[in-house]
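Asker: Supplied in structure tokens, the structure appears directly below.
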Amino acid sequence: MGEPRGTHVPVLLERCLELLTPALDMPDAVHVDFTLGLGGHAEAVLERFPDVVLIGLDRDTEALAHARHRLAPHRARTHLVHAVYDELPQVLADLGYERIHSGLFDLGVSSLQLDEADRGFAYAQDAPLDMRMDQTAGITAEQVVNEYEPGELVRILRQYGEEKFAPRIVSAIVRERAKGRITSTARLAELVKEAIPAAARRTGGNPAKRTFQALRIEVNRELVALESALPAALDALAPKGRLVVMSYQSLEDRIVKRALTARTRSTGPIDLPVELPGTGPTLRLLTRGSEPPTDEEVEANPRAASVKLRAVERLGRQDTTSGDARERPRMSTHGGRRRLRRGERDEGEGKA
């Protein structure tokens with residue numbers, strides 16, 4: 001196995017390890033890398049924590065092959081599985097594990113997928129319209145663009161790309177595909193550019209960015225998978241276990257925030273002075289809002305510029321209300337060490 005295609009610098013590596021260390025130090029710790037990619041985060045975990053067992057998941061067979069080669073020195077402690085992260089319950093059952101102690105999601109497109117034109121993710125390079133993270137299964141972006149009904153295409157561009165010019169773009173696509181099938185990323189990017197008003201093209205980067213994001217999310221069912229994967233990961237966490245999630249766009253981060261903060265609150269009646277058994281929070285936040293990268297991290301790795309990091313710890317049995325009712329705490333607290341980071345703002349947990 002040669003060098004992997006693409007470049008790979010693990011995003012926020014030291015911060016992720018800092019947050020996960022208390023869980024990785026637990027006896028017989030099991031760590032799940034939900035988005036293994038080329039294995040940079042996983043390699044660091046295995047090297048620094050010699051007793052940890054790693055379960056690495058990825059839907060991309062090319063990435064898995066390179067990660068398997070990279071992590072070969074630790075093969076006795078690794079289970080690398082071709083799977084989407086929402087398949088965690090089945091993976092754990094197959095491997096015979098009931099609980100995990102730590103987990104990491106590094107969402108979005110991997111360096112391997114972005115850097116190689118033949119994968120069809122990059123709007124700046126010509127390639128077949130594919131965009132599948134798992135090239136062994138599923139529909140392609142070419143099928144979506146050429147075969148979906150116009151109304152469904154508009155919905156996808158609006159919902160997944162937050163594209164306000166979706167109707168204009170879809171009209172251009174429908175006119176073009178009536179002449180012949182749209183098969184290349186370059187042609188699609190050109191159509192999008194022509195459909196967007198000139199004034200709007202002057203700001204916001206490449207005008208095809210939102211359309212390509214929307215198609216990628218639809219092809220890979222990314223948000224659907226994430227919405228079921230997060231609850232499954234949190235359910236599998238052992239007491240005092242920790243989960244770190246890095247997202248790169250607002251749709252992902254909204255899902256992550258909702259899933260994590262929901263479990264930091266009581267589910268019992270708010271007018272009672274005590275917490276009823278089984279209704280108390282099961283998680284505590286380790287980050288205040290979402291953490292952006294530092295300037296130094298962005299300088300070292302430009303792909304970290306848009307990352308938002310969130311982390312939680314599952315409360316220990318003594319911290320939950322599984323027994324008798326107890327008095328409600330007067331104020332919530334955030335665990336973990338506080339660190340000021342570039343562009344950070346304190347987000348209200350009640351906001352969408």
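The values are calculated or read from the model by the stated rules, or taken from the named source; none is laboratory data. For clarity, every value in this text was computed on a predicted model and none was experimentally measured. All Cβ positions, even for glycine, are placed from backbone atoms using ideal geometry, and neighbour counts span all protein chains on display. Side chains included, ligands, DNA and RNA excluded: accessible areas come from the protein's heavy atoms. Shrake-Rupley method; radii C 1.70, N 1.55, O 1.52, S 1.80 Å.
Asker: Taking Glu87 and the conditions (1) buried (at least 20 other Cβ atoms within 10 Å of the Cβ); (2) in contact with a Leu (Cβ under 8 Å, 6 or more places away or on another chain), which numbered condition does it fall short on, given that it satisfies the others?
Answerer: (1)
Asker: Take the conditions at pLDDT below 95 and exposed (fewer than 14 other Cβ atoms within 10 Å of the Cβ) and apply them to Ala137. Does it pass?
Answerer: Numbers: at pLDDT below 95: yes; exposed (fewer than 14 other Cβ atoms within 10 Å of the Cβ): yes.
Against the criterion (at pLDDT below 95 and exposed (fewer than 14 other Cβ atoms within 10 Å of the Cβ)), Ala137 qualifies.
Asker: Could you list, in sequence order, the residues of the range 33-67 that are over 24 Å from Ala236 (Cα atoms) and in contact (Cβ under 8 Å) with a residue 60 or more places away in the chain?
Answerer: Leu38, Thr61, Glu62, Ala65, His66, listed by residue number.
Asker: Need a quick list: helices (runs of 4 or more DSSP H) entirely within the range 1-89 having at least 1 residues that are under 25 Å from Arg221 (Cβ atoms).
Answerer: Values: elements: 13-24, 40-48, 61-70.
So the answer is 40-48, 61-70.
Asker: Testing Asp118 on (1) closer than 16 Å to Asp58 by Cβ; (2) modelled with pLDDT under 95; (3) assigned to a helix (DSSP H, G or I), one condition comes back false. Which one is that?
Answerer: (1)
Asker: Show the residue pairs that are 6+ apart or on different chains and have beta-carbon atoms under 7 Å apart, the first residue being within the range 140-161 and over 17 Å from Arg221 (Cβ atoms) and open to solvent by 60 Å² or more (accessible area, probe 1.4 Å), the second being in a helix (DSSP H, G or I) and not β-branched (Val, Ile, Thr).
Answerer: Correct list of pairs: Arg158/Ala166.
Asker: Also: Those residues that are closer than 16 Å to Ser247 by Cβ and at pLDDT 90 or above, I need them from the range 299-309; list them, please.
Answerer: Ala305, Ser306, Val307, Lys308, Leu309
Asker: Sticking with this structure for a sec: Can you pull out every residue in the range 166-187 that is over 26 Å from the mean Cα position of the chain (by Cα) and crowded, with 21+ Cβ neighbours inside 10 Å?
Answerer: Once the filter is applied, which keeps residues that are over 26 Å from the mean Cα position of the chain (by Cα) and crowded, with 21+ Cβ neighbours inside 10 Å, the range 166-187 yields Ile169, Val170, Ile173.
Asker: If you don't mind, another one. How about the range 46-69: which of its residues are closer than 27 Å to Thr136 by Cβ and out of contact with any helix residue (DSSP H, G or I) (no Cβ under 6 Å at 6 or more places or on another chain)?
Answerer: Correct list: Ile55, Arg59, Asp60, Thr61, Glu62, Leu64, Ala65, His66, Ala67, Arg68, His69.
Asker: Anything in the range 237-270 that is out of contact with any helix residue (DSSP H, G or I) (no Cβ under 9 Å at 6 or more places or on another chain), among the charged types (D, E, K, R) and at pLDDT below 95? List them, or say none.
Answerer: The one that is out of contact with any helix residue (DSSP H, G or I) (no Cβ under 9 Å at 6 or more places or on another chain), among the charged types (D, E, K, R) and at pLDDT below 95: Arg265.
Asker: While we're here: Kindly indicate whether Thr287 is in a loop (DSSP other than H, G, I, E, B) and at pLDDT below 90.
Answerer: no
Asker: Can you find, within the range 36-52, the residue that is most open to solvent (accessible area, probe 1.4 Å) among those that are touching a Lys or Arg at 6+ places or on another chain (Cβ under 9 Å) and at negative phi?
Answerer: Pass one, the range 36-52, residues touching a Lys or Arg at 6+ places or on another chain (Cβ under 9 Å): 38-40, 42-43, 46, 50-52.
When the remaining residues are screened for being at negative phi, the result is 38, 40, 42-43, 46, 50-52.
Working: Leu38: 9, Gly40: 5, Ala42: 0, Glu43: 46, Leu46: 2, Pro50: 85, Asp51: 126, Val52: 2 Å².
My answer is Asp51.
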